[in-house]
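Report on the following structure.
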Amino acid sequence: MNDQNASNNVTSKIDSIEDARRERLDEINSEPGSRPALEAKHGQVWDTTELQRDFRVIGFLAPFIHVCRRDNGEEGSMEFQHNPRFYFNFQPDSR
């Protein structure tokens, strides 16, 4: 594979990931859930104050956020919706 083909392959993968991210962002925010609905679907849910209490934010790219638990240093990711702002679906990193 030459450099141009390799570059096109990487760009294609990035584009497909970006498309999936934008689709999920639209999906989450087109019909934002109430806290009880999100808890029923994803388990524990955090508002902004609770997130800041329990996690250190490492980075985000809506609708995803990468965090580190304050109590045990475990890193993971979760999703968030814009309004009302809730964070949910924590998934520990597999390392």
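Summary of values
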| item | result |
| --- | --- |
| Residues that are surrounded by 14 or more Cβ atoms within 10 Å (Cβ to Cβ), over 18 Å from E23 (Cβ atoms) and in contact with a helix residue (DSSP H, G or I) (Cβ under 7 Å, 6 or more places away or on another chain), drawn from the range 49-87 | R69, F86, Y87 |
| Residue within the range 17-27 that is in contact (Cβ under 8 Å) with a residue 24 or more places away in the chain, part of a helix (DSSP H, G or I) and among the basic types (K, R) present | yes |
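Read the figures in this text as sums done on the coordinates, not as results from a lab. If you're wondering where the values come from, they're calculated on a predicted model, not measured in any experiment. Here Cβ is always computed from backbone atoms with ideal geometry, including for glycine, and neighbour counts include all displayed protein chains.
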